[in-house]
Amino acid sequence: GEEAAPAGRWAHRPNVVLFVLESFRADAVGRVVNGKRVTPSLDALAREGISSSRAFSHNGYTTQSRFHLLTGSLANVRRDGSLIDDFKSQGYQTAYFSAQDESFGGPALSVGFDRAEVAYDARQDRDRRYSTYTTAGSLAVSHLTLQERIEAFLRTRDADRPLFLYVNFHDTHFPYHHRDIEALVSDHEVPQRQIVPGQRAAVQEMYYNAAANVDRAVGVTLASVTRTLGAPPAVVVTGDHGESLFDEGFLGHGYALNDIQTRIPLIIRGLPVEIVEPFGQTDLRNLIGAALSRPNPSVAPRLIDDPEKVVFQYLGNIHRPRQIGFRTGADRLVYDFRDRRVLLPDGASVPPEALPEEALGPVRRLIHLWERMMLARSAN
């Protein structure tokens, strides 16, 4: 379902910073490379709060994932704005800082970037980009540029209202290195034309070094926010999707429904959240609203395992997907529209008619859910 959260005044209104990290592999969190921790900032946040190891994207592309995260909607059936509107309605000053071009994806996948009171993306610093191209799907600025813009905003922010700050770092996107990346855990620099399967180990080190730079940027940003506000903010850290570094032969994202490309970090500090696992991106909006509506903000956050819960995933566009799938807490079931076969958790690929009757139930449930979403989408 795509039910809206209950309306009403939140019980408490802490300052909140939401980090969405581009192409950030969940396994970067807590990783050690060459004896050095890749994510000391994220590790500290996890110790101070809570971290889920079973959080997943619904799709492998940035625009769709960003839409799912901020709107709480899979099929664009829920038409009540986004997290930006939620915070605005509660009297927050809303600020949105993205290192990429937020126009990419068009109006259909809009998350209300232009409704934030302060809205910055890479289009405002085209001449400082690290990307080669300026097209909407490529344009990107570094973490240093974004930090500079956030610092300038913090010096002039409205101190009379609580703050909701959205921050999107892009640096872990292909080609995983640029002029502002420092050698924090590795000094590997693989030229773009040499990013090939034979260089997998070096490419992975280069990627995790980029992740270390992003982690440091998270820490620097939070230090700036804390200094400005006089107290640490509540923090949510997550990602749009994972990234395959020649895992299973793939490089990049959006090619397969697997954990490498769809498992994402989810770390929350300072909010009394109840995270039901497996967690899907569309859960985030209501999760935050529910946490801020709880009368007692000091309640300890907790993880809740729900063996019946599934996260719907799809490959391509939701209205014409190549594959759809369910990610449960333990495994994944996938239906491929191209050859009309079911991909089972053990790796087998079979036509539905070859399955025993008891195994057909989850397949029917998966297909029927997608069909209902498409019907609801067409009715809106």
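The values are calculated or read from the model by the stated rules, or taken from the named source; none is laboratory data. Owing to the predicted nature of the structure, the values given are computational and were not obtained by experimental measurement. Here the Cβ is made from the backbone with ideal geometry for all residues, glycine too, and neighbour counts use every protein chain on show. Please note that ligands, DNA and RNA were not included when accessible areas were found on the heavy atoms of the full protein model with its side chains. Shrake-Rupley method; radii C 1.70, N 1.55, O 1.52, S 1.80 Å.
Observations
- Number of the exception - ASP86 against (1) in contact with a Pro (Cβ under 9 Å, 6 or more places away or on another chain); (2) under 23 Å from SER65 (Cβ atoms): (1)
- Failed criterion for SER349 (all others in (1) among the hydroxyl-bearing types (Ser, Thr, Tyr); (2) under 27 Å from the mean Cα position of the chain (by Cα); (3) open to solvent by less than 80 Å² (accessible area, probe 1.4 Å) hold): (2)
- Qualifying residue in the range 141-149 (condition: more than 15 Å from ALA217 (Cβ to Cβ) and modelled with pLDDT of 95 or more): no
- In this structure, ARG216 does not qualify as at negative phi, modelled with pLDDT of 95 or more, surrounded by fewer than 16 Cβ atoms within 10 Å (Cβ to Cβ) and of a type in the set (D, E, K, R).
- Matching residues in the range 103-119 - criterion: being crowded, with 22+ Cβ neighbours inside 10 Å and not β-branched (Val, Ile, Thr): ALA116
- Looking across the range 249-267, the residues that are within 28 Å of VAL16 (Cα to Cα) and in a loop (DSSP other than H, G, I, E, B) come down to ILE264, PRO265.
- Members of the range 226-259 that are open to solvent by less than 10 Å² (accessible area, probe 1.4 Å), under 19 Å from PHE174 (Cβ atoms) and among the hydroxyl-bearing types (Ser, Thr, Tyr): SER244
- In the range 228-243, residue nearest to SER65 (Cα to Cα) [restricted to those that are part of a strand (DSSP E or B) and aliphatic (A, V, I, L, M)]: VAL237
- Qualifying residue in the range 173-187 (condition: under 25 Å from LEU83 (Cβ atoms), open to solvent by less than 80 Å² (accessible area, probe 1.4 Å) and within 23 Å of the chain's Cα centre (by Cα)): yes
- Set LEU292, LEU257, LEU251: member being over 30 Å from GLN194 (Cα atoms) and either modelled with pLDDT under 95 or of a type outside the set (Val, Ile, Thr) (or both): LEU292
- Counting only strands (runs of 3 or more DSSP E) that sit completely within the range 85-178, those holding 1 or more residues that are at negative phi and of a type in the set (S, T, N, Q) correspond to 93-98, 163-169.
- Evaluation of ARG9 against the conditions (1) in a loop (DSSP other than H, G, I, E, B); (2) buried (at least 16 other Cβ atoms within 10 Å of the Cβ) shows that the sole unmet condition is (2).
- Search result, residues across the range 1-49 that are over 24 Å from TYR92 (Cα atoms) and modelled with pLDDT under 95: GLY1, GLU2
- All positions within the range 129-172 that are open to solvent by 50 Å² or more (accessible area, probe 1.4 Å) and in contact with a helix residue (DSSP H, G or I) (Cβ under 7 Å, 6 or more places away or on another chain): ARG129, THR134, GLU151
Conditions tested, residue by residue: (1) under 26 Å from GLN204 (Cα atoms); (2) touching a Phe, Trp or Tyr at 6+ places or on another chain (Cβ under 7 Å); (3) polar (S, T, N, Q).
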{"site": "ASP259", "(1), (2), (3)": "yes, no, no"}
{"site": "ILE268", "(1), (2), (3)": "no, no, no"}
{"site": "ASN286", "(1), (2), (3)": "no, no, yes"}
{"site": "PRO301", "(1), (2), (3)": "no, no, no"}
{"site": "ASP305", "(1), (2), (3)": "no, no, no"}
{"site": "GLU308", "(1), (2), (3)": "no, no, no"}
{"site": "PRO321", "(1), (2), (3)": "no, yes, no"}
{"site": "PHE326", "(1), (2), (3)": "no, yes, no"}
{"site": "LEU333", "(1), (2), (3)": "no, yes, no"}
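- Applying the set (1) open to solvent by less than 10 Å² (accessible area, probe 1.4 Å); (2) in contact with a Lys or Arg (Cβ under 9 Å, 6 or more places away or on another chain) to GLU22 leaves exactly one unmet item: (2).
- Of the candidates PHE246, PHE279, PHE250, the single residue that is more than 27 Å from GLU3 (Cα to Cα) and touching a Lys or Arg at 6+ places or on another chain (Cβ under 7 Å) is PHE246.
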